[in-house]
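One structure is given below, encoded as structure tokens.
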Amino acid sequence: MAPILQVENLNHIYSAGTPFEHAALTDVSFQVERGEFIGVIGHTGSGKSTLMQHLNGLLKPISGKILLDGQDIWENKTATRQSRFRVGLVFQYPEYQLFEETVYKDIAFGPKNMKLDAQEIDRRVREAAELVGITAQQLEVSPFDLSGGQKRRVAIAGVIAMEPEVLILDEPTAGLDPEGREEILANINAYRQAKKATVMMVSHSMTDVARLTDRLLVMNGSRLVMDGTPAQVFARAEELLEMGLDIPQITQVFLRLQQMGLPVEQVYTVEQVVAQIKKLTGGSCYA
């Protein structure tokens, strides 16, 4: 089966031809398989958000292609418009974009733009609300009466109500407390499983991407510099640190243990830590 997304030699320059010219993406290429959960990491200014905004046609590349199911999303106006429904993008702090009188109307905004009938819009609104933990009663209140975490859920529901095949999230847990972060990540996984969707998530939390994703893309200085499983990427922990990136805390601990001469392997999940401790202690572990 063909990849759902293919990015071929993508280049983007901000303020081209001016003294402020800046290369945001340089010759970026990769493909995304159906159903994958991909984490996108990199320091601020590395090109992560710019890349995400290209994938559903919000930004047009200077050169290169984005193929959705094998079709260039810039081939014609219809392809570009359809890509914005099939590839859903949740911006950082999306709750700032809420504007309707009720939660229901905010979630319904995208499906209405798709020209769906009222019955289908209602189904999608209620299903999306349920997936993110918004109650039927909350659908009738103003989004501005909700807590910060609930507003975030409403904003995400507004995107998943369009039932995108690819859901892209730019720092979806930014600014939330640990409980709120876990709830949002659970909501994202619920949508992925319910719709067999592909998910791409930009995150600064190495712990989250280590335990949730199938694959990581690492951006640095406008270029894609690593593309592999979490195990493959975090095995290059020292390179990541040189780029100014964090690594999972447990990876940092075990990297230090290696430097001290202990016979441990690199880890990035709690399960791997438990296995390593059992190995060191001859099979006993009091975790």
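The values are calculated or read from the model by the stated rules, or taken from the named source; none is laboratory data. Small disclaimer: the values here were computed from a predicted structure and weren't measured. Ideal geometry is used to build each Cβ from the backbone, glycine not excepted, and the neighbour counts take in all protein chains shown.
Restricting to region 188-212, give me the number of residues that are farther than 19 Å from R34 by Cα and either surrounded by 18 or more Cβ atoms within 10 Å (Cβ to Cβ) or free of Cβ contacts under 8 Å to residues at least 60 places away in the same chain (or both). So the count comes out to 7. Kindly indicate whether I62 is under 21 Å from V225 (Cβ atoms), of a type outside the set (G, A, S) and surrounded by fewer than 17 Cβ atoms within 10 Å (Cβ to Cβ). Yes; evaluated as a whole, the condition is true for this residue.
Residue count for region 110-124, restricted to those that are surrounded by fewer than 18 Cβ atoms within 10 Å (Cβ to Cβ), farther than 21 Å from K60 by Cβ and of a type outside the set (D, E): 7. The set of residues in region 62-94 being among the charged types (D, E, K, R) and within 30 Å of G148 (Cα to Cα) consists of R84, R86. Close contacts from region 238-263, counting a first residue that is loosely packed, with under 15 Cβ neighbours inside 10 Å and a second that is β-branched (V, I, T), with Cβ to Cβ under 8 Å and a gap of 6+ residues or different chains, come to L241/I247; Q249/T207; Q258/V264. Of a type outside the set (S, T, Y), surrounded by fewer than 22 Cβ atoms within 10 Å (Cβ to Cβ) and over 30 Å from N113 (Cα atoms): is that true of E140 in this structure? For E140, the condition - of a type outside the set (S, T, Y), surrounded by fewer than 22 Cβ atoms within 10 Å (Cβ to Cβ) and over 30 Å from N113 (Cα atoms) - is not met.
Within region 150-174, being in a loop (DSSP other than H, G, I, E, B), over 19 Å from G39 (Cβ atoms) and not small (G, A, S) holds for M162, E163.
For region 69-87, the count of residues that are closer than 19 Å to L216 by Cα, at pLDDT 95 or above, touching a helix residue (DSSP H, G or I) at 6+ places or on another chain (Cβ under 9 Å) and buried (at least 17 other Cβ atoms within 10 Å of the Cβ) is zero. Residues that are crowded, with 18+ Cβ neighbours inside 10 Å and touching a helix residue (DSSP H, G or I) at 6+ places or on another chain (Cβ under 6 Å) within region 165-183 comprise E165, I168, D170, P172, T173, listed in sequence order. The one condition from (1) within 20 Å of I168 (Cα to Cα); (2) part of a strand (DSSP E or B) that A23 does not meet is (1). Counting only helices (runs of 4 or more DSSP H) wholly contained in region 27-135, the ones carrying 3 or more residues that are free of Cβ contacts under 8 Å to residues at least 24 places away in the same chain and over 30 Å from E182 (Cβ atoms) occupy 77-86, 118-131.
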